[in-house]
1. Among the residues of segment 107-141, write down those that are in a strand (DSSP E or B) and buried (at least 17 other Cβ atoms within 10 Å of the Cβ).
2. Test residue 238 against the stated conditions and say whether it is more than 10 Å from the ligand (Cβ to nearest atom), modelled with pLDDT under 95, part of a loop (DSSP other than H, G, I, E, B) and surrounded by fewer than 24 Cβ atoms within 10 Å (Cβ to Cβ).
3. Is it fair to say residue 104 is out of contact with any strand residue (DSSP E or B) (no Cβ under 8 Å at 6 or more places or on another chain), part of a loop (DSSP other than H, G, I, E, B) and under 21 Å from residue 268 (Cα atoms)?
4. Go through the residues of segment 213-234 one by one and say whether even a single one is assigned to a helix (DSSP H, G or I) and away from the ligand (no atom under 13 Å from the Cβ).
5. Exactly one condition in (1) surrounded by fewer than 18 Cβ atoms within 10 Å (Cβ to Cβ); (2) more than 21 Å from residue 164 (Cβ to Cβ) is not met by residue 265; state its number.
6. Which pairs turn up if I take residues in segment 113-125 that are more than 18 Å from residue 286 (Cα to Cα) and near the ligand (Cβ under 7 Å from one of its atoms) and look for partners that are modelled with pLDDT of 95 or more and assigned to a loop (DSSP other than H, G, I, E, B) with beta carbon separation below 6 Å, at least 6 apart in sequence or on another chain?
7. Which residues, counting only those in segment 241-254, are more than 15 Å from residue 285 (Cα to Cα), at pLDDT 90 or above and in contact with a strand residue (DSSP E or B) (Cβ under 7 Å, 6 or more places away or on another chain)?
Ligand SMILES: Cc1cc2nc3c(=O)[nH]c(=O)nc-3n(C[C@H](O)[C@H](O)[C@H](O)COP(=O)(O)OP(=O)(O)OC[C@H]3O[C@@H](n4cnc5c(N)ncnc54)[C@H](O)[C@@H]3O)c2cc1C
């Protein structure tokens, strides 16, 4: 039996697992289809991960200078519907910076990271599949870009629209990350940030689109993703899978990155026992699956239930009127998706 773990996918789940394995002296190679640094479609705020998880993975220092984001505002088509403060500050850091840092951390710890190396999805002893969302026909498009010179109304802004939602989060160097999830609309023909502008206006978020027009976009940072569905992903028989490749929580929760770290944490123990010969590979895979199921089941069900409410006009009406009466149970709802 080889004692070397191979990880397919150098996103947050794959790289943080690699760092955690190196911390325990276990040999690891990460194969990443792309290269670093690169922008990714992501809201870029991390919420709900405990310091102990980051310490256990050996990556806490890589997040030490992330911005502390506490205040938040929700808008619906330009109108303020909720203002509040997060119980625990979220962390604002770009994926451009974070993924590169984690890759460097893994290498510094003695792991190997092979860039531009696309792996084939197949069951193999020692292989952990952390390659993100499973491509399939889907009804969503995710768009993101960084803007300079934007004045924020709160550390985090969430803008609900008729076709989806967009989140704004401050990240490093005075940048604001704007990231939206929208129902695919083939009539939107713009390119780059014009496409984001088109989707925002089509959803009734012209006020936000006008604010973005007054700021300066970093055109290089624009990216888009389509062809995915949220929730549990298709996991092949006997394959060891973590992160978005296993299940994707709807982005409004701002919890997917934390789940990537937590999934790596869940996988560490079984992989450590497998690498020392104390557990067969099939048992290791089964333990990881069960660990992920137990850790994430409740929040996935809660998020999958809330997500359609945000996307239905009637649902948004209810949220707006409850919020107007000052009765939006924001903290209890947040705790359900953590
Ligand atoms: C619109 C949107 C907004 C979001 N906003 C937030 C937010 O604000 N906060 C938050 O916490 N989460 C957010 N998320 C979720 C978050 O981005 C993901 O949950 C997180 O990136 C999952 O990490 P991962 O490592 O599993 O997957 P990824 O980060 O997707 O990494 C997978 C990696 O695998 C590589 N890869 C793919 N195929 C192969 C292959 N065959 N071989 C080798 N490598 C491969 C990819 O290039 C990629 O680098 C958002 C997601 C979307 C879509």
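1. 113, 127, 128, 129, 140, 141
2. Numbers: more than 10 Å from the ligand (Cβ to nearest atom): yes; modelled with pLDDT under 95: yes; part of a loop (DSSP other than H, G, I, E, B): yes; surrounded by fewer than 24 Cβ atoms within 10 Å (Cβ to Cβ): yes.
Against the criterion (more than 10 Å from the ligand (Cβ to nearest atom), modelled with pLDDT under 95, part of a loop (DSSP other than H, G, I, E, B) and surrounded by fewer than 24 Cβ atoms within 10 Å (Cβ to Cβ)), residue 238 qualifies.
3. Values: out of contact with any strand residue (DSSP E or B) (no Cβ under 8 Å at 6 or more places or on another chain): yes; part of a loop (DSSP other than H, G, I, E, B): no; under 21 Å from residue 268 (Cα atoms): yes.
Spelling it out, it is not the case that residue 104 is out of contact with any strand residue (DSSP E or B) (no Cβ under 8 Å at 6 or more places or on another chain), part of a loop (DSSP other than H, G, I, E, B) and under 21 Å from residue 268 (Cα atoms).
4. Residues of segment 213-234 assigned to a helix (DSSP H, G or I): 213-214.
Narrowing further to those that are away from the ligand (no atom under 13 Å from the Cβ): 213-214.
Looking through segment 213-234, at least one residue is assigned to a helix (DSSP H, G or I) and away from the ligand (no atom under 13 Å from the Cβ).
5. Among (1) surrounded by fewer than 18 Cβ atoms within 10 Å (Cβ to Cβ); (2) more than 21 Å from residue 164 (Cβ to Cβ), the lone unmet condition for residue 265 is (1).
6. Filtered contacts from segment 113-125: 118/33.
7. Residues of segment 241-254 that are more than 15 Å from residue 285 (Cα to Cα), as a first pass: 244, 247-254.
Okay, now just the ones that are also at pLDDT 90 or above, so 244, 247-249.
If the condition is that a residue be more than 15 Å from residue 285 (Cα to Cα), at pLDDT 90 or above and in contact with a strand residue (DSSP E or B) (Cβ under 7 Å, 6 or more places away or on another chain), then 247, 248 are the ones that fit.
Matching residues to (1) assigned by TED's automatic domain parsing to the domain that holds residue 25; (2) touching a helix residue (DSSP H, G or I) at 6+ places or on another chain (Cβ under 8 Å); (3) modelled with pLDDT under 90; (4) under 26 Å from residue 203 (Cβ atoms):
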site: 262; (1), (2), (3), (4): yes, yes, no, no
site: 283; (1), (2), (3), (4): yes, yes, no, no
site: 293; (1), (2), (3), (4): yes, no, no, no
site: 300; (1), (2), (3), (4): yes, no, no, yes
site: 304; (1), (2), (3), (4): yes, no, yes, yes
site: 319; (1), (2), (3), (4): no, yes, yes, yes
site: 322; (1), (2), (3), (4): no, no, yes, yes
site: 325; (1), (2), (3), (4): no, no, yes, yes
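The values are calculated or read from the model by the stated rules, or taken from the named source; none is laboratory data. Worth saying up front: this structure is predicted, and the values here are computed from it rather than measured. Note: ideal-geometry Cβ built from the backbone for every residue, glycine included; neighbour counts use all protein chains shown.
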